[in-house]
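All remarks here apply to the structure that follows.
The values are calculated or read from the model by the stated rules, or taken from the named source; none is laboratory data. Since the structure is predicted, the reported quantities are computational estimates derived from the model, not experimental observations. No Cβ is skipped: glycine too gets one built from the backbone with ideal geometry, and neighbour counts run over all protein chains shown. Heavy atoms of the whole protein, side chains included, go into the accessibility calculation; ligands, DNA and RNA do not. Shrake-Rupley method; radii C 1.70, N 1.55, O 1.52, S 1.80 Å.
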Amino acid sequence: MSAEHVEVSRFLSYVLRHRPEAIGLELDTQGWAEIDALIAAAGASGRRLEPETIRAVVEGSDKKRFALSADGRRIRAVQGHSVATVDIHREPKTPPKTLFHGTATRFLASIQAEGLRRGRRHHVHLSADPATAEAVGRRYGTPVVLVVEAGRMHEEGLAFFQADNGVWLTDAVPPRFLRVGGALGNELEG
Ligand code: HQG
C-alpha cells in the first residue's frame, strides 16, 4: 500500500472502530457506515476521500481490516472496536487448541497477575499463529508471544468468536490459561 493509503487506512480504523463522532458519523449496531455518509462527514472535517481510494484501501489492507456490504454501499471495520453502540453479532465458534497473543514485555507482569483484559476494545484479540502475534506485540515494544490454551478455555465454557479477517476474539483470558511462548518463555521459566 502507498503511504497515502496507509494514512487513509489509519483514519478509517479511527472513525470506524473508535471515534465516528469525531467527524459526526453514525455507525449502526453492526458497525456499518454508509460510504456516501462517510465521504460527506470526512469532507466536512476537511478530509477529501474518493470512493476509489476507500475501495483500494479495503482491498489492499494486509490484515483485511475492513469489509464492504454486499451492495457495496456500506463499510465497516471487521474487529477492533471500542465504540459503545456497536455490538457485532457473531456466532460462537470452537477455537483451535492453542491460540497466541502478542504483547510487549513491559506488560507481562501485569498480564501474568490479571490475565488478558480487553481494555477499551470489545474483546481480547488472539492470533492463530505465533508470527502474527509477534508482529502485534511489536507495536508496543519488545514483543513477547503468549500461548493461550483456547481449547481448555472452550471446554470450560468460555466463548470464542472469529472476526471476518480470521482474528480470534474472547472476553478475557484468565492467567491459568496463559504461558509465555518461545525463547523468552524458556528463559523466564527455566
Ligand atoms: C495488553 C491490531 C497489562 C495487550 C492487532 C496489548 C490486533 C494488558 C494491550 C488488534 C493486559 C492492548 C488488537 C493486562 C492486555 N495488563 N496489559 N492485564 N491485558 N494487555 O491494541 O491485542 O493493526 O487494544 O497485550 O493486529 O495489541 O489495528 O490490543 O498489548 O488484532 O488492525 O494491552 O489490533 O490490529 O492493546 O491489538 P490493543 P492488541 P490493527
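Conditions tested, residue by residue: (1) in the same structural domain as Gly166 (by TED's automatic domain parsing); (2) modelled with pLDDT under 95; (3) charged (D, E, K, R); (4) not in a helix (DSSP H, G or I).
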residue	(1), (2), (3), (4)
Gln112	yes, no, no, no
Arg121	yes, no, yes, yes
Ala133	yes, no, no, no
Gly137	yes, no, no, no
Val147	yes, no, no, yes
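Per the listing Arg152, Arg121, the residue uniquely of a type in the set (D, E, K, R) and either within 20 Å of His81 (Cβ to Cβ) or within 13 Å of the chain's Cα centre (by Cα) (or both) is Arg121.
Quick grid of which residues meet (1) on the phi < 0 side of the Ramachandran plot; (2) open to solvent by 20 Å² or more (accessible area, probe 1.4 Å):
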site: Leu116; (1), (2): yes, no
site: Gly119; (1), (2): no, yes
site: Val124; (1), (2): yes, no
site: Ala128; (1), (2): yes, yes
site: Ala133; (1), (2): yes, no
site: Arg138; (1), (2): yes, yes
site: Val148; (1), (2): yes, no
site: Gly151; (1), (2): yes, no
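Confirm whether Phe100 is part of a helix (DSSP H, G or I) and either in contact (Cβ under 8 Å) with a residue 24 or more places away in the chain or not assigned by TED's automatic domain parsing to the domain that holds Arg17 (or both). It is false that Phe100 is part of a helix (DSSP H, G or I) and either in contact (Cβ under 8 Å) with a residue 24 or more places away in the chain or not assigned by TED's automatic domain parsing to the domain that holds Arg17 (or both).
One residue alone among Ala159, Ala133 is within 14 Å of the ligand (Cβ to nearest atom), of a type outside the set (Lys, Arg) and touching a residue at least 12 places away in the same chain (Cβ under 8 Å), and that residue is Ala133. The residues on offer are Ala150, Ala128, and the sole one that is of a type outside the set (Lys, Arg), away from the ligand (no atom under 14 Å from the Cβ) and touching a residue at least 40 places away in the same chain (Cβ under 8 Å) is Ala150. Leu108 meets the stated requirement of being part of a helix (DSSP H, G or I), touching a residue at least 60 places away in the same chain (Cβ under 8 Å) and open to solvent by less than 20 Å² (accessible area, probe 1.4 Å). When Gly31, Gly46, Gly60, Gly24 are checked against the criterion of being within 16 Å of the ligand (Cβ to nearest atom), open to solvent by less than 90 Å² (accessible area, probe 1.4 Å), over 15 Å from the mean Cα position of the chain (by Cα) and not assigned by TED's automatic domain parsing to the domain that holds Arg120, Gly60 stands alone in meeting it. Tell me which of these Ala84 doesn't satisfy, since it passes every other one: (1) out of contact with any strand residue (DSSP E or B) (no Cβ under 9 Å at 6 or more places or on another chain); (2) near the ligand (Cβ under 9 Å from one of its atoms); (3) open to solvent by 60 Å² or more (accessible area, probe 1.4 Å). Of everything listed in (1) out of contact with any strand residue (DSSP E or B) (no Cβ under 9 Å at 6 or more places or on another chain); (2) near the ligand (Cβ under 9 Å from one of its atoms); (3) open to solvent by 60 Å² or more (accessible area, probe 1.4 Å), Ala84 misses just condition (2).
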